[in-house]
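Take a look at the structure below.
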Amino acid sequence: MKQLGKISLIVLLALLSVIFLAIIGAYATGNGYVVKAFQKTLLKGYSTTHIDDSSDFKNEVIHAGTSQPWDIHPQYGRIQLTDTLRKELEDFGSIGFAVVYEGKLLYEEYWNHYSNESRTNSFSMAKSITTMLLGKAIEQGYVRSLDQAVTDFIPEFSNDSLAKLATIGDLSAMTSGFDWKEEYYSPFNMTTEAYFGDHIEQQMLKRHFAHRPGGHFKYSSADSQLLAIVLRRATGKSLSQYLSETFWQPMGMESDALWSTSGGMEKSFCCVYSNVRDYAKLGQLLLQKGHWKDKQLLDSAFVERMITPNYKAFLPEEPKKYGYSIWIDEDHQPAFYGMMGHLGQRIIVVPSENLVIVRLGKKKDTLHKSRGYLDADTYYFVDEVMKMIQNLQKK
């Protein structure tokens, strides 16, 4: 038994030595982010990033001003989820769901101790928010237009012949040709480094453009992060401050929000932390073509550009599913568009029905076959909420 104990101790020490050397090696090779990723995901029981990870990072505050609570729809509390929708929401770990109809809060529900005050990760819905900030920066003269050259603001790429062809609009439309591979589950990849690393601006600037800009759509978190660099340099403000000034306070958001940072810069491809009701206001702003109360907060022509497919970025046989940082399905009845994030974060707008749907949660539907060319859950949300609305109209 003593011999077995000695062997077990030797094996444990050897294993600890290997782990120690691996950690040292990761930092020595510039891959220290892998250790942080391991600590913040696998050691906490997650296979990827999660919606409650704001405390794992440094954050900037997006300050709210005077709150403008939602008007409550007269039928609030008198409408129920369909059985199909409830099953979809509960099977995939939803923590909050809301329906805004005719500009008023019609339905909301929360699960697992979450509430209307819970702040959770937007993930890639932040890309749409970043493009909304771009629209405001153009309106205020910080940026000339979507056609302005990226190198006007990021001269570090001036010796890159392809970069000199890239426009700011290419970053928003994901047609920049930047050298990037999107990946969410492997520890050794550039997206994981962007999420868990400490020097995101340096990471972006040391890469290059691999393809001619203005061509085919290729989803890329790097494009949104490059857009953040443009906006910070153009406005002289952090994205959090600019968002607070341009939308969060004027729209009377109910709560302060957070925006996760890396090396002092917001991670614009992800990581705004807010609540269901305030996310819904962003969808309502787009539905109203940038108009809020008695003010035009975002140019209506820019909103129209965001929510219209960038047709030239897709082959004739491909679905035209992306505009300027907005996902779109024009073929579905009713047509809809929205902000979409990792693990099924959704702000869906159905213009013909004057409808905004918000879903936040811990997983997305990977089991069911999609009814279109976007994720399966989006169609459940739209189709089942439409049944709810139709039932309401019969009363």
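The values are calculated or read from the model by the stated rules, or taken from the named source; none is laboratory data. These figures come from a predicted structure and were not determined experimentally. Please note: Cβ atoms are built from the backbone with ideal geometry, for glycine as well, and neighbour counts cover all protein chains shown. All accessible areas refer to the heavy atoms of the entire protein, side chains included, with ligands and DNA or RNA removed. Shrake-Rupley method; radii C 1.70, N 1.55, O 1.52, S 1.80 Å.
Does region 51-73 contain at least one residue that is part of a helix (DSSP H, G or I), more than 20 Å from the chain's Cα centre (by Cα) and more than 26 Å from LYS267 (Cα to Cα)?
The answer is no; no qualifying residue exists.
Consider region 132-162 and keep the residues that are under 22 Å from ARG305 (Cα atoms) and acidic (Asp, Glu). The one that is surrounded by the most Cβ atoms within 10 Å (Cβ to Cβ) is GLU139. Residues in region 89-109 that are over 18 Å from ILE389 (Cα atoms) and in contact with a strand residue (DSSP E or B) (Cβ under 9 Å, 6 or more places away or on another chain): PHE92, GLY93, SER94, ILE95, GLY96.
Looking across region 163-209, the residues that are out of contact with any Gly (no Cβ under 9 Å at 6 or more places or on another chain), assigned to a loop (DSSP other than H, G, I, E, B), under 24 Å from MET306 (Cα atoms) and open to solvent by 10 Å² or more (accessible area, probe 1.4 Å) come down to ASP179, LYS181, GLU182.
Within region 210-223, does at least one residue satisfy the condition of being over 22 Å from TYR142 (Cβ atoms), touching a Pro at 6+ places or on another chain (Cβ under 9 Å) and in a loop (DSSP other than H, G, I, E, B)? First the steps, then the outcome.
Within region 210-223, the subset over 22 Å from TYR142 (Cβ atoms) is 210-212, 214-221.
Narrowing the set further to residues that are touching a Pro at 6+ places or on another chain (Cβ under 9 Å) leaves none.
There is no residue in region 210-223 that is over 22 Å from TYR142 (Cβ atoms), touching a Pro at 6+ places or on another chain (Cβ under 9 Å) and in a loop (DSSP other than H, G, I, E, B).
Restricting attention to region 339-360, the residues being under 21 Å from LYS127 (Cα atoms), part of a strand (DSSP E or B) and either in contact with an Asp or Glu (Cβ under 9 Å, 6 or more places away or on another chain) or without any contact (Cβ under 8 Å) to a residue 60 or more places away in the chain (or both) number 5. Taking the criterion of being open to solvent by 10 Å² or more (accessible area, probe 1.4 Å) and touching a residue at least 40 places away in the same chain (Cβ under 8 Å), the residues of region 216-235 that qualify are HIS216, PHE217, LYS218, TYR219, ARG233, ALA234, THR235. Note on region 312-353: among residues that are aromatic (Phe, Trp, Tyr) and touching a Phe, Trp or Tyr at 6+ places or on another chain (Cβ under 7 Å), the one that is surrounded by the fewest Cβ atoms within 10 Å (Cβ to Cβ) is PHE314. Of the residues in region 250-265, at least one is within 19 Å of the chain's Cα centre (by Cα), farther than 19 Å from HIS63 by Cβ and modelled with pLDDT of 95 or more. Here region 241-267 is the region considered, the condition is being hydrophobic (A, V, I, L, M, F, W, C) and open to solvent by less than 20 Å² (accessible area, probe 1.4 Å), and the residue that is farthest from HIS342 (Cα to Cα) is MET251.
Every residue in region 275-293 that is within 17 Å of the chain's Cα centre (by Cα) and of a type outside the set (Ser, Thr, Tyr), please. Before you say what the answer is, go through the steps one by one.
Let us first name the residues in region 275-293 that are within 17 Å of the chain's Cα centre (by Cα), namely 275-286.
Of everything in region 275-293, those that are within 17 Å of the chain's Cα centre (by Cα) and of a type outside the set (Ser, Thr, Tyr) turn out to be ASN275, VAL276, ARG277, ASP278, ALA280, LYS281, LEU282, GLY283, GLN284, LEU285, LEU286.
Scanning region 55-102 for residues that are on the phi > 0 side of the Ramachandran plot and modelled with pLDDT of 95 or more, we see that the one that is surrounded by the most Cβ atoms within 10 Å (Cβ to Cβ) is GLY93. Here SER238, SER274, SER300 are screened, and the one residue that is open to solvent by 30 Å² or more (accessible area, probe 1.4 Å), touching a Lys or Arg at 6+ places or on another chain (Cβ under 7 Å) and closer than 25 Å to LYS104 by Cβ is SER300. All conditions but one from (1) surrounded by 15 or more Cβ atoms within 10 Å (Cβ to Cβ); (2) more than 30 Å from GLN390 (Cα to Cα) apply to ASN116; the one that does not is (2). In region 256-283, the residues that are over 15 Å from LEU355 (Cα atoms) reach residues that are part of a strand (DSSP E or B) and acidic (Asp, Glu) with C-beta atoms within less than 6 angstrom, at least six apart or across chains, in these pairs: TRP259/GLU60; TRP259/GLU266; THR261/GLU60.
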